[in-house]
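The values are calculated or read from the model by the stated rules, or taken from the named source; none is laboratory data. Model, not experiment: these values are computed from the prediction. Don't worry about glycine lacking a Cβ; one is built from the backbone with ideal geometry, like all the others, and counts go over all protein chains shown.
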There are 2 protein chains.
Amino acid sequence: MKPVIVVHGGAGSIFKDREEGARSGIIRAALKGYSILKQGGSALDAVEDAVVSMEDDPHFNAGCGSVLNEKGEVEMDAIIMDGKNLASGAVSAVKCIANPIMLARLVMEKTEHMLLTDHGANLFAKAMNIPEIPGEKLITERSWERWSKKLEADSNPQEDKKESGTVGAVAIDNEGNVACATSTGGLSNKLVGRVGDSACIGSGGYADNHVGAVSTTGHGESMMKVVLARLVLYHMEQGMTPEKAADTALNYMKTRVGGLGGVIVVSNSGDWTARFSTKQMSWATVKDDWLQYGIYTGEMHTSSVAEALGSK
Amino acid sequence: MKPVIVVHGGAGSIFKDREEGARSGIIRAALKGYSILKQGGSALDAVEDAVVSMEDDPHFNAGCGSVLNEKGEVEMDAIIMDGKNLASGAVSAVKCIANPIMLARLVMEKTEHMLLTDHGANLFAKAMNIPEIPGEKLITERSWERWSKKLEADSNPQEDKKESGTVGAVAIDNEGNVACATSTGGLSNKLVGRVGDSACIGSGGYADNHVGAVSTTGHGESMMKVVLARLVLYHMEQGMTPEKAADTALNYMKTRVGGLGGVIVVSNSGDWTARFSTKQMSWATVKDDWLQYGIYTGEMHTSSVAEALGSK
């Protein structure tokens, strides 16, 4: 099997001054994940590393750069899933951790559980020797400014909810194993303890070697209502292509519950797609040593991996 | 539409000395839910009241009577879902609340979110004037005894994990709306902050007027791996009866991930089933003023509602 990776940096409206950063970030993440796959690494390692790269990048709403909750704190959700045995690990509403996706993977590999939340996730991190960092280290100047503005009475509370930036990755490795990973700071100004789709198996992501892998982004509560990631794979089980399955599921989410979002998909035969019903979604993929990426509907740039690595 | 309610009091191995209590508890819950439906009440009200009745009953692993985590505390998960618009509310790892299912409903109705966790769920409860109760009030003498025993080196740590008792309900009302509710204390001796299927939409429950409603019980992590409740409804969408869909999904969970459990289902035409791959599951249903209930495979008692109310 030829390895494939697809990443996204969130669906929604990307601010003009953030486009370039988002573009570089998704390309970097896709190339990182692909280099693992090319060296014979697992889909699981590839999606984890790609997501870590975006968690560390302040352009995305995950890890450093996460949006703030109603109290001005960062609380993050993340999930990872192994398509081989349906094993999965997740954390929800976790604070003061640089890379929630790494903690999610430890939940999968080191516990009998699948989801650890809040304080319990931090206790587990401590037991695993994952260092806590000061919460402020995850807060960028921009996140803080935008959050502060929201407190003004004349701001529009709906506008900021559109801030996108959840990150995710799906991959298939040369053994035909698929995996997905999703990580987010969630909704701006959310209630303390709000958990979105990204910690919820089937909604924020799903991976099954019998079908493929999906990572989602967009309005979390809508994606939960339709269990979006699993829905895409059901459609593929019924014979749809990844693209048709993604569009059908996104269209259903729009008509049934009025929600917008985006998905990245890889099938167990290596077909992939990146589709969205929002105005934009930053995405990138590498297959056959060719990098492709875009942000707007219909936008797709292509370059060789060698060229992309050279220009980095 | 003739109203129907089905409840369960958990799948697993029910201790002999607990059978009678479980039987009375599920019958009481089913009759409570049915009386609401008969008076023209909503499926949502019926499943909530049925689950509250079992949360208040120390025979079940939900509310008072919940099993204890590794620290000897009660941490509870609950979800409720409205099949009309796919709205849902849930709480995870919540402490010191008598009826988590009532809090889950408030999350659905009073916030823009679907899942609040841990400390955040308690902050929300406070804002809603839901009183906190001392954690000890949820701990029965039996829960405490069993938890204490587990600390002895010579106990069998696997045995207690089989303690069942998650509770749930599904219903259809006379307007044809379906709903589900699930509530649990989770796994005995779980890590602090472990969240199971019961807080996770699609795994612990799902309700959709276009198909039906499902509540699940059993090994939480296995049910999450296969997104069990949603899986049952997919099979029904493909034309299977509730019974066939339940058996197909439970069998898949057993063969794919080695997990056992049980489900209760009501279809949008009022057909119902209660199926399980564990040794036992306590369940009860009322339809057409007839009560049916059982615990063991193949066991089904029938009596009129009037008779059952008389003997209460």
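Okay, here's what the table says:
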{"read-out": "Criterion violated by residue A:252 - all others in (1) in a helix (DSSP H, G or I); (2) facing chain B (nearest Cβ under 10 Å); (3) of a type in the set (Phe, Trp, Tyr) satisfied", "value": "(2)"}
{"read-out": "Which numbered condition residue B:144 misses (of (1) surrounded by fewer than 24 Cβ atoms within 10 Å (Cβ to Cβ); (2) among the aromatic types (Phe, Trp, Tyr); (3) touching a helix residue (DSSP H, G or I) at 6+ places or on another chain (Cβ under 7 Å))", "value": "(3)"}
{"read-out": "Residue satisfying all of: in region B:244-286; under 19 Å from the mean Cα position of the chain (by Cα) and basic (Lys, Arg); surrounded by the most Cβ atoms within 10 Å (Cβ to Cβ) among these", "value": "B:275"}
{"read-out": "Single condition residue A:132 does not satisfy, out of (1) charged (D, E, K, R); (2) surrounded by fewer than 19 Cβ atoms within 10 Å (Cβ to Cβ); (3) within 22 Å of residue A:45 (Cα to Cα)", "value": "(3)"}
{"read-out": "Residue list for region B:180-200, restricted to those being surrounded by fewer than 24 Cβ atoms within 10 Å (Cβ to Cβ) and either away from chain A (no Cβ under 11 Å) or at pLDDT 95 or above (or both)", "value": "B:188, B:191, B:192"}
{"read-out": "Wholly within region B:35-147, strands (runs of 3 or more DSSP E) carrying at least 3 residues that are in contact (Cβ under 8 Å) with a residue 60 or more places away in the chain", "value": "B:76-82, B:87-94"}
{"read-out": "Count of region B:286-312 residues which are among the aromatic types (Phe, Trp, Tyr) and either over 19 Å from residue B:8 (Cβ atoms) or assigned to a helix (DSSP H, G or I) (or both)", "value": "0"}
{"read-out": "Residue, farthest from the other protein chains (Cβ to nearest Cβ), within region A:203-236, restricted to residues that are small (Gly, Ala, Ser) and over 13 Å from the mean Cα position of the chain (by Cα)", "value": "A:212"}
{"read-out": "Lone qualifier among A:236, A:240 - being in contact with a helix residue (DSSP H, G or I) (Cβ under 7 Å, 6 or more places away or on another chain) and without any contact (Cβ under 8 Å) to a residue 12 or more places away in the chain", "value": "A:240"}
{"read-out": "Filter result (over 20 Å from residue B:203 (Cα atoms), buried (at least 19 other Cβ atoms within 10 Å of the Cβ) and more than 10 Å from chain B (Cβ to nearest Cβ)) within region A:69-94", "value": "A:74, A:76"}
{"read-out": "Residues of region A:1-20 that turn out to be surrounded by fewer than 18 Cβ atoms within 10 Å (Cβ to Cβ) and closer than 25 Å to residue A:37 by Cα, as a count", "value": "2"}
{"read-out": "Filter pass, residue B:228 being surrounded by 24 or more Cβ atoms within 10 Å (Cβ to Cβ), within 18 Å of residue A:206 (Cβ to Cβ), of a type outside the set (Val, Ile, Thr) and out of contact with any helix residue (DSSP H, G or I) (no Cβ under 7 Å at 6 or more places or on another chain)", "value": "no"}
{"read-out": "Residue within region A:95-102 that is modelled with pLDDT of 95 or more, buried (at least 24 other Cβ atoms within 10 Å of the Cβ) and within 14 Å of chain B (Cβ to nearest Cβ) present", "value": "yes"}
{"read-out": "Qualifying residue in region B:110-130 (condition: among the acidic types (Asp, Glu) and more than 11 Å from every other protein chain (Cβ to nearest Cβ))", "value": "no"}
